[in-house]
Amino acid sequence: MKRRRNGGSKHILMLKGKHIVLGISGGIAAYKSVFLLRLLVKEGAEVQVVITPNGKEFITPVTLSALSQHPVVCDFFTANTGEWHSHVSLGLWADLMVIAPATASTMAKMVTGVADNMLVTTYLSAKEHVMVAPAMDLDMWAHPSTQRNIEQLRRDGVEIVMPGSGELASGLSGKGRMAEPEEIVSRIKEYFSRSCDMEGMKVLITAGPTCERIDPVRYIGNYSSGKMGFAIAEECASRGAEVTLVAGPVSLSTVNPSIHRVDVESAVEMCEAARKAFANADVAVFAAAVADYRPAETAESKIKRENADEMTIRMVRNPDIAALCGKMKRAGQTTVGFALETDNERINAAHKLEKKNLDMVVMNSLRDKGAGFRTDTNKITIFAREGSVTEFPLKSKSEVARDIVDAMLRFRGNVDAECER
Ligand code: CTP
């Protein structure tokens, strides 16, 4: 039998040199983590395992340290030597932290910041991307508290590798099986390939509603929460872009510290900030729900009722930010608009593409359940300038953000851009 010599393989080690912290919490799916670890090491990754005390009941640290070639971290201290294990340096060392399996209890601790073991403490110190692969029984998975925690983790920027359905360790059958190690590895590879595909790009995003003042205590606004625009900002920043986020009044905070946020109140203020950032932008995404009109006058003092049965507020037109930027657009700049419609969705979306000189329109319909304002999900159809129409299923807003950015990069032909990380 012929032996293949080292280096003779055509297989490219996608994860070569990547530092991955593999967190293992206490569930029966921990046995699958051994295969996951083996696959990661075979792909060239350097893996440091952090295990919870319950995790050790399911899988022995000897197996894990033999495969990873690093001592497994579980306790804050080594009892006989008094050596302290630094979660901070582990968090800084990692290019990625993967928690598989993530039990309901570990996810609840991650959400609330209960740092009573090395795994959660390392999570709180992790500077880079975090991915979790939940595993539990079907009733625990379906429980509202678990679902709430999953949503919160998503909002905190954590990527969820969803569990599958099938036979569970309890003997029951349903959703809760940890994703297979091969699927987790492919998600890890996807993460590393997209984590640099916007490096060097400048992105402008408008998000949220605008508030148009009537007097010092009243305004005209709308139901936009800003969640979609903020999710796009996080997605672009995590892929290496320099992001300017011009946000109307929202109660959201950004997770990625590199996002440059400019808070504004009215459409006129948003327009000024957006036009400034657009001059240097490669890409602009207009996700804000901008008020089309504003009161012609803003009263200096509170308007009194004075027994009138009716009142009229004269309104004047606001600037159309997307259209103005569309006029300023130069070669190499890509603009993406949104169209939230209730009727004649496709015709209206295609019309906005033309009218605002956009390259893509992301259309969502208020007729679709789970789409539009004040939800954590969205269902979109993307219309591109060259005529393509792509429909997507209902997804979480962070997944929708990824689809939009992927489509936008495909449009720019940048998806295969060479980059080094
Ligand atoms: N937009 C904008 N400035 C405005 C109005 C809209 O930048 N003054 C942008 C939105 O951010 C969105 C797109 O234009 O990306 C479409 O917004 P929409 O409110 O759906 O469209 P309008 O042009 O206002 O048309 P209509 O209200 O008639 O649907």
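The values are calculated or read from the model by the stated rules, or taken from the named source; none is laboratory data. For clarity, every value in this text was computed on a predicted model and none was experimentally measured. Every residue, glycine as well, gets a Cβ built from its backbone with ideal geometry; the counts of neighbours run over all protein chains shown. We work out accessible area using only protein heavy atoms, side chains counted, and drop any ligands, DNA or RNA first. Shrake-Rupley method; radii C 1.70, N 1.55, O 1.52, S 1.80 Å.
Has region 40-63 got at least one residue that is modelled with pLDDT of 85 or more, of a type in the set (S, T, N, Q) and open to solvent by less than 40 Å² (accessible area, probe 1.4 Å)? Yes, some residue in region 40-63 is modelled with pLDDT of 85 or more, of a type in the set (S, T, N, Q) and open to solvent by less than 40 Å² (accessible area, probe 1.4 Å).
Ala179 meets all of the listed conditions (1) closer than 24 Å to Val362 by Cα; (2) small (Gly, Ala, Ser); (3) modelled with pLDDT of 95 or more; (4) under 22 Å from the mean Cα position of the chain (by Cα) but one, namely (1).
Annotation note: Cβ proximity below 8 Å between a residue of region 139-153 that is hydrophobic (A, V, I, L, M, F, W, C) and a residue that is part of a helix (DSSP H, G or I) and open to solvent by 30 Å² or more (accessible area, probe 1.4 Å) (sequence gap 6+ or interchain) occurs for Leu153/Val111. Among the residues of region 106-118, not a single one is touching a residue at least 40 places away in the same chain (Cβ under 8 Å), open to solvent by 40 Å² or more (accessible area, probe 1.4 Å) and over 23 Å from the mean Cα position of the chain (by Cα).
Quick check on region 143-157. Is at least one of its residues on the phi > 0 side of the Ramachandran plot and either of a type in the set (Phe, Trp, Tyr) or out of contact with any Phe, Trp or Tyr (no Cβ under 8 Å at 6 or more places or on another chain) (or both)? Checked against the condition, which is being on the phi > 0 side of the Ramachandran plot and either of a type in the set (Phe, Trp, Tyr) or out of contact with any Phe, Trp or Tyr (no Cβ under 8 Å at 6 or more places or on another chain) (or both), region 143-157 yields at least one hit.
Once region 271-293 is narrowed to residues that are of a type outside the set (A, V, I, L, M) and more than 17 Å from Lys202 (Cβ to Cβ), the residue that is farthest from the ligand (Cβ to nearest atom) is Glu272. Anything in region 351-361 that is within 9 Å of the ligand (Cβ to nearest atom), under 21 Å from Leu409 (Cα atoms) and either outside any strand (DSSP E or B) or in contact (Cβ under 8 Å) with a residue 40 or more places away in the chain (or both)? List them, or say none. Passing the criteria: Lys352, Lys356, Leu358.
When residues of region 119-145 are filtered for being more than 21 Å from the chain's Cα centre (by Cα) and of a type in the set (Val, Ile, Thr), how many remain? Adding up the residues that qualify gives 1.
All told, Glu159 falls short of being free of Cβ contacts under 8 Å to residues at least 24 places away in the same chain, under 27 Å from Gly240 (Cα atoms) and out of contact with any Leu (no Cβ under 7 Å at 6 or more places or on another chain).
Of everything in region 328-350 that is closer than 15 Å to Leu204 by Cβ and surrounded by fewer than 21 Cβ atoms within 10 Å (Cβ to Cβ), the residue that is farthest from the ligand (Cβ to nearest atom) is Gly332. Filtering Thr106, Thr122 for residues that are in contact with a His (Cβ under 7 Å, 6 or more places away or on another chain) and assigned to a helix (DSSP H, G or I) leaves a single hit, Thr122. Consider region 299-325 and keep the residues that are open to solvent by 20 Å² or more (accessible area, probe 1.4 Å) and under 18 Å from Asn222 (Cβ atoms). The one that is farthest from the chain's Cα centre (by Cα) is Ile313. Looking at the structure I just gave you, is Ser25 out of contact with any Phe, Trp or Tyr (no Cβ under 8 Å at 6 or more places or on another chain), in contact (Cβ under 8 Å) with a residue 60 or more places away in the chain and surrounded by 23 or more Cβ atoms within 10 Å (Cβ to Cβ)? So Ser25 passes the test. Every condition in (1) at pLDDT below 90; (2) farther than 19 Å from Arg194 by Cα; (3) under 25 Å from the mean Cα position of the chain (by Cα); (4) outside any loop (DSSP other than H, G, I, E, B) holds for Arg374 except the one numbered (4). If we scan region 198-210, do we find a residue that is in contact with a His (Cβ under 8 Å, 6 or more places away or on another chain), of a type outside the set (Lys, Arg) and under 30 Å from Gln333 (Cα atoms)? Checked against the condition, which is being in contact with a His (Cβ under 8 Å, 6 or more places away or on another chain), of a type outside the set (Lys, Arg) and under 30 Å from Gln333 (Cα atoms), region 198-210 yields no hits at all.
Determine whether region 253-270 contains at least one residue that is among the charged types (D, E, K, R), part of a loop (DSSP other than H, G, I, E, B) and more than 16 Å from the ligand (Cβ to nearest atom). Let's see the steps before the verdict.
Here is the first cut: in region 253-270, the ones among the charged types (D, E, K, R) are 261, 263, 265, 269.
Then drop every residue that is not part of a loop (DSSP other than H, G, I, E, B), which leaves 265.
With more than 16 Å from the ligand (Cβ to nearest atom) added as a condition, the list becomes none.
No, region 253-270 contains no residue that is among the charged types (D, E, K, R), part of a loop (DSSP other than H, G, I, E, B) and more than 16 Å from the ligand (Cβ to nearest atom).
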